[in-house]
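Notes for the one structure printed next.
The values are calculated or read from the model by the stated rules, or taken from the named source; none is laboratory data. As the structure is a prediction and not an experimental result, all values here were calculated from the model. Here the Cβ is made from the backbone with ideal geometry for all residues, glycine too, and neighbour counts use every protein chain on show. Protein only, heavy atoms only, side chains kept; ligands, DNA and RNA dropped before computing areas. Shrake-Rupley method; radii C 1.70, N 1.55, O 1.52, S 1.80 Å.
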Amino acid sequence: YQLRQARAVLDESIAPRHAGDATPRLLLVKSIVGEHACGRLLFSPWTAFKGIFPMHGTYFFQNEVFEDESAGEVHVPLASLGTSHPVYLGKSIEGVLRGRGSRELQLLFRHGYVCIRRFRTSSWRLLPLVLD
């Protein structure tokens, strides 16, 4: 797994969310160039499936986010970024959670996010996350 920091995207025109989605759109920051941060957008299953998928089942974790494959790498003004959140990236939820103590798991589920998949908006397909 990889532990990275993501920043909340405050500008809804850059990263829209579906109505009723409590999870912020996040930018997984790769680099900062001048007044812009470059990276990949992350969003919740609620936004990915436009609120119509049965989200309250057991399939998705409450703090799971997907990489927005269709957006590619984006450049967001630093002024449009909010608070920082830890994001655990991995190939499986088991790989991300394995070996963690109860305190670390509490922090992960209260303040962080888990990303193990990417989402292709053109076909509404979930795909494995590609780690660099």
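A compact table of results
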| quantity | calculated |
| --- | --- |
| Residues (over 22 Å from L127 (Cα atoms), open to solvent by 30 Å² or more (accessible area, probe 1.4 Å) and among the aliphatic types (A, V, I, L, M)) located in the stretch 72-98 | L78, A79 |
| Cβ-Cβ under 6 Å pairs, at least 6 apart or on other chains, the stretch 11-31 side closer than 15 Å to F49 by Cα, far side open to solvent by 50 Å² or more (accessible area, probe 1.4 Å) and among the aromatic types (F, W, Y) | H18/W46; D21/W46 |
| Members of the stretch 102-128 that are in contact (Cβ under 8 Å) with a residue 24 or more places away in the chain and of a type in the set (A, V, I, L, M) | L108, V114, I116, L126, L127 |
| Residues of the stretch 118-130 that turn out to be within 20 Å of P24 (Cβ to Cβ) and modelled with pLDDT under 90, as a count | 1 |
| Within the stretch 18-41, considering residues that are among the charged types (D, E, K, R) and closer than 15 Å to G82 by Cα, the one surrounded by the fewest Cβ atoms within 10 Å (Cβ to Cβ) | E35 |
| Whichever residue in the stretch 99-117 is open to solvent by less than 80 Å² (accessible area, probe 1.4 Å) and of a type in the set (K, R) and, among such residues, is nearest to P24 (Cα to Cα) | R117 |
| Residue in the stretch 71-90 that is of a type in the set (S, T, N, Q) and without any contact (Cβ under 8 Å) to a residue 40 or more places away in the chain present | no |
| Residue within the stretch 42-51 that is surrounded by 19 or more Cβ atoms within 10 Å (Cβ to Cβ), over 18 Å from D132 (Cα atoms) and out of contact with any Asp or Glu (no Cβ under 9 Å at 6 or more places or on another chain) present | no |
